[in-house]
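Novice: Shown below is the structure under consideration.
The values are calculated or read from the model by the stated rules, or taken from the named source; none is laboratory data. In this text the structure is predicted, and so the values were computed from the model without any measurement. Ideal geometry is used to build each Cβ from the backbone, glycine not excepted, and the neighbour counts take in all protein chains shown. These area figures cover heavy atoms from the full protein model, side chains too; ligands, DNA and RNA do not enter into them. Shrake-Rupley method; radii C 1.70, N 1.55, O 1.52, S 1.80 Å.
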Amino acid sequence: MYRKREIVRIKGNKRKVGCLGCAIQSGEVESTSIFIDSTKFFVANQDYEIPIPGFVIVAAKRHLQSVDEFTAEERADFIEFLTGLRKMMR
Ligand SMILES: [Zn+2]
């Protein structure tokens, strides 16, 4: 298990979570992001707290430390998803 740390949301509410990505994926922490699209392995959101045009957050649906942990299927899905998102932005 991961050591819990305190996060402070933009509205000032504080919460202790282990992995923020997993806490958002599980619904433990409410996401303030705006959903764009998803695949079997990844989800893309526009960050509500930092609404920079074109700044999209692509998150894995399972816990990962780094891209070097992607399976072959996740690697293929990730690059396909990323290029599709970029085409949508154009
Ligand atoms: Zn995680």
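Novice: On C-alpha positions alone, give me the angle between the axis of helix 72-89 and the longest principal axis of the chain, in degrees, nearest 10.
Specialist: Long axis of 72-89 versus the principal axis of the chain: about 90 degrees.
Novice: Kindly provide the helix-only [θ] at 222 nm of the chain, computed as the sum of -39,500 (n - 2.57) over DSSP H runs of four or more divided by all residues, to the nearest 500 deg cm²/dmol?
Specialist: -8500 deg cm²/dmol
Novice: Which chymotrypsin sites (Phe, Trp or Tyr not before Pro) in the stretch 1-75 pass both tests, a DSSP loop state and at most 14 other beta-carbon atoms within 10 Å?
Specialist: Answer by residue number: Y2, Y48, F55.
Novice: Moving to a separate point now. Dipole size in debye (nearest 20) for the stretch 5-89 around its Cα centre, Lys and Arg Cβ +1, Asp and Glu Cβ -1?
Specialist: Result for the stretch 5-89 is approximately 320 debye, rounded to the nearest 20.
Novice: Starting from the Cα of K87, draw a straight line to each of the lysines and keep only those under 30 Å, dropping any in the same chain fewer than 8 residues away.
Specialist: K40, K61
Novice: Per the 1.4 Å probe, what fraction of the accessible area of the stretch 5-89, in percent, lies on carbon and sulfur atoms?
Specialist: Heavy-atom surface of the stretch 5-89 belonging to carbon and sulfur, 1.4 Å probe: 56 percent.
Novice: Could you do me a favour and compute the accessible area per residue for the chain, 1.4 Å probe, result in Å²?
Specialist: 73
Novice: Next question, about the same structure. How compact and how long is the chain, expressed as Rg and Dmax of its alpha-carbon atoms in Å?
Specialist: Radius of gyration, then largest Cα-Cα span, for the chain: 14.1, 41 Å.
Novice: Among L85, T71, G18, whose Cα sits farthest toward the positive end of the charge dipole of the stretch 5-89 (+1 at Cβ of Lys/Arg, -1 at Cβ of Asp/Glu, about the Cα centre)?
Specialist: It is G18.
Novice: Can you pull out the GluC sites (Glu not before Pro) in the stretch 2-79 that DSSP calls coil and that have at most 16 other Cβ atoms within 10 Å?
Specialist: E28, E30, E49
Novice: For I34 and R3, FRET efficiency with R0 = 25 Å and r from the beta-carbon atoms, rounded to 0.05? Please list the in-between numbers first.
Specialist: On the way: r = 30 Å, r/R0 = 1.20.
After rounding, the FRET efficiency stands at 0.25.
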